[in-house]
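Worksheet: the structure to be examined is printed underneath.
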Amino acid sequence: MKLCIQAILKFLMGILLVGVLIFVPAGTLRFANGWLLMGVLFAPVLALGVVLFVKNPALLAARLNGKEKQREQDLVVKLSGLMFVAGFVLAGLTHRFGWYRLPMGVCVGAVVVLLAAYGMYAEVLRENAYLSRTVQVQAGQTVVDTGLYGIVRHPMYSATLILFLAMPLVLGSLYAFAVFLLYPLLIVRRIRQEERLLERELDGYRAYQQKVRYRLIPFVW
């Protein structure tokens with residue numbers, strides 16, 4: 001019951017926060033792209049949350065815990081939060097003042113990409129039961145090297161990279177997209193720090209690095 005209440009509260013707070021960041025700067029609730037993003041963003045989150053609550057409540061609890069213990073990782077999380085705030089506010093202002101808006105075809109394409117990224121996200125959760133939101137090595141954790149983990153070492157970050165870069169495009173804001181381009185830089189820094197921890201504390205991780213060369217994007221990095 002405690003986990004259920006915690007999950008529901010976080011879900012509702014997420015809806016409220018994103019809604020405020022988008023619609024208040026827009027100056028109106030008549031922002032179709034804003035409602036489109038809210039729908040494609042939170043409907044899959046709700047579905048994934050229900051599945052995890054039924055199938056793997058321990059993983060759901062780990063995903064709800066976003067408090068980083070390492071100072072460097074905490075900084076990355078805070079900078080990512082600032083990026084989200086700036087990007088969503090810019091998207092709202094774009095609608096309010098009629099700045100250049102992306103064609104609807106781009107927005108619809110971004111919706112398809114965003115949903116595909118959620119599918120990838122769900123598959124990663126299915127493959128790896130140790131996916132907490134914080135950088136840590138859990139008791140009994142082992143290296144996963146099959147499925148998406150046989151292609152890149154951090155498929156969860158690959159999924160979030162696609163997901164986050166699609167968001168401002170759904171909102172139709174090129175200016176917000178420019179802000180979200182900071183995310184790849186932040187995630188690269190997070191991955192480098194995380195891998196140093198995994199090399200020290202997770203048995204077999206160095207051998208896995210030799211087996212799977214690419215961290216985030218196949219044939220790129």
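A compact table of results
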quantity	calculated
Per-selection Rg to Rh, the range 158-214 - Cα, Kirkwood hydrodynamic radius	1.16
Gain in span if fully extended, L75 to V54, counting 0.36 nm per residue against the direct Cα distance	4.3 nm
Whole-number percent relative contact order across the range 1-84, with pairs defined as alpha carbons under 8 Å at least 6 apart	30 percent
Long-range amide H partners of S173 with built H, under 5 Å	L102
The chain - Rg and Dmax from Cα coordinates, angstrom	18.0, 54
Candidates L125, L46, L37, ranked by Gaussian network fluctuation over the chain, Cα under 10 Å, top entry	L46
Among V124, V111, V50, residue whose mean-square fluctuation peaks in a GNM of the chain (springs only between Cα atoms under 10 Å)	V50
Approximate spin-label separation M1-L46, in nm, with each point projected 7 Å along Cα-to-Cβ	2.4 nm
The chain: most fluctuating residue of L21, L29, L64 per GNM, C-alpha cutoff 10 Å	L29
Spin-label pair T146/V212, simplified geometry with 7 Å Cα→Cβ offset, distance in nm	1.3 nm
Pairs of Lys in the chain closer than 24 Å at Cα, counting only those 8 or more apart or on different chains	11
For the chain, size of Cβ-based charge dipole, Lys and Arg +1, Asp and Glu -1, in debye	260 debye
Listed residues A91, V112, L52: farthest to the positive end of the dipole of the chain (Cβ charges)	A91
Cα-Cα P(r), the range 1-83, percent of pairs per 5 Å interval	3, 12, 18, 19, 19, 17, 9, 3, 0
Estimated inter-spin distance, V106 and L197, nm [label 7 Å along Cα→Cβ]	3.6 nm
Helix axis angle, 104-127 relative to the chain longest principal axis, alpha carbon, degrees	20 degrees
Mean residue ellipticity (222 nm) of the chain, computed from DSSP H runs ≥ 4 via -39,500 (n - 2.57), nearest 500	-24000 deg cm²/dmol
Taking the chain and dividing mean pair separation by its residue count, relative contact order in percent (alpha carbons under 8 Å, at least six apart)	27 percent
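Values in this text are rule-based calculations from the coordinates and carry no lab data. Because the structure is a prediction, the values reported are computed rather than measured. Neighbour counts are summed over all protein chains in view; Cβ atoms, including those assigned to glycine, are modelled from backbone coordinates with ideal geometry.
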